[in-house]
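Below you'll find the structure, written out as structure tokens, and then a few comments.
The values are calculated or read from the model by the stated rules, or taken from the named source; none is laboratory data. Owing to the predicted nature of the structure, the values given are computational and were not obtained by experimental measurement. Neighbour counts are summed over all protein chains in view; Cβ atoms, including those assigned to glycine, are modelled from backbone coordinates with ideal geometry. In case anyone asks, the SASA skips ligands and DNA or RNA and just uses the protein heavy atoms, side chains included. Shrake-Rupley method; radii C 1.70, N 1.55, O 1.52, S 1.80 Å.
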Amino acid sequence: MTPTLRTARLLLEPYRREDEEDFVALFLDERVSRWMGDGPEPEAEYRALFGRVFTKVYAQELFDVWAVRQDGRLVGHAEIKPNEELGGHEIIYALAPAAWGSGLGRELAAAIVAHGFGALGLTEVHATVAEPNTASLAVLGKLGFAHVRDVTEDDGSVTRVLTCRDADR
């Protein structure tokens, strides 16, 4: 079961059913969704994704997925999950634009990485970041992630693959 994690300013806890509207609003914000997966999706897709968090991810205990809260408000989303293409676990995180620029991204990513190395016993974690997403690249660089390779997507865009090894932290 997804554990609750705390940082100085954030609470990472499993989603509750009543989080659906805030979850959908976060992902519908194109400033956020442009960096997630294949980019913006229709609202129905985000509602279906939220449903699968409960019916599949939590029900089958597939991996950890968190609602990220600050002062009781949902301000983000986080995951750490196996990724066969990367040969290990990948961290995924998103924050609402109102939370950008305050150091919360680094705080959030650090908490997920620490959980991976600690509770999950991983020796390395990965992240994939769109090349133009310089803010996330900078956050991960400060946490010890190193650029491993680039993947050219079908549309010609470039995704950076980054890895952080526990021994290198």
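Taking amide H positions as modeled 1.01 Å from N, with prolines and chain starts lacking one, the residues under 5 Å from Asn83 and 5 or more places away or on another chain are Gly88, His89, Glu90. Where both bridge residues fall in the chain, DSSP classifies roughly 95% of the beta bridges as antiparallel.
Residues whose amide H comes within less than 5 Å of that of Val75, counting only those at least five positions distant or on another chain, are Val68, Arg69, Gln70 (H built at 1.01 Å from N in the peptide plane).
Normalised Debye scattering of the chain at q = 0.11, 0.12 Å⁻¹ gives log10 I(q)/I(0) of -0.42, -0.51, counting only Cα atoms as equal scatterers and leaving out solvent. For the range 23-69, the Cα gyration tensor yields ellipsoid semi-axes of 20, 12, 10 Å (square root of five times each eigenvalue, largest first, whole Å). For the chain, the relative contact order is 17 percent, taking Cα pairs closer than 8 Å that sit 6 or more residues apart in sequence and dividing their mean separation by the residue count. Distance from the Cα centroid of the range 136-169 to that of the range 86-103 is 13 Å (rounded to whole angstrom).
In the chain, a dipole from Cβ-located charges (positive for Lys and Arg, negative for Asp and Glu) runs towards its positive end, and of Phe54, Leu28, Leu5 it is Leu5 whose Cα lies farthest in that direction. A simple charge model with +1 on the Cβ of Lys and Arg, -1 on the Cβ of Asp and Glu and nothing else charged puts the dipole of the chain at about 700 debye relative to its Cα centre.
Rg/Rh, computed from the Cα trace of the range 1-55 with Rh as the Kirkwood radius, has the value 1.01.
Shown for the chain: the carbon plus sulfur share of the solvent-accessible area, taken with all protein chains present and a 1.4 angstrom probe, equals 48%. For Thr7, the residues whose modelled amide H falls within less than 5 Å of its own, excluding neighbours fewer than 5 places apart on the same chain, are Leu12.
Each residue of the range 157-166 was assigned a 3J(HN,Hα) from its phi angle through the Karplus curve 6.51 cos²θ - 1.76 cosθ + 1.60 (θ = phi - 60°); the sequence is 6, 10, 10, 8, 9, 10, 9, 10, 9, 4 Hz, with glycine and proline shown as x.
Ellipticity at 222 nm from helices only: DSSP H runs of n ≥ 4 in the chain, each -39500 (n - 2.57), divided by the residue count, give -7500 deg cm²/dmol.
Couplings for the range 71-76, taken from phi via the Karplus curve 6.51 cos²θ - 1.76 cosθ + 1.60 with θ = phi - 60°, read 6, x, 9, 5, 10, x Hz in order; Gly and Pro are left as x.
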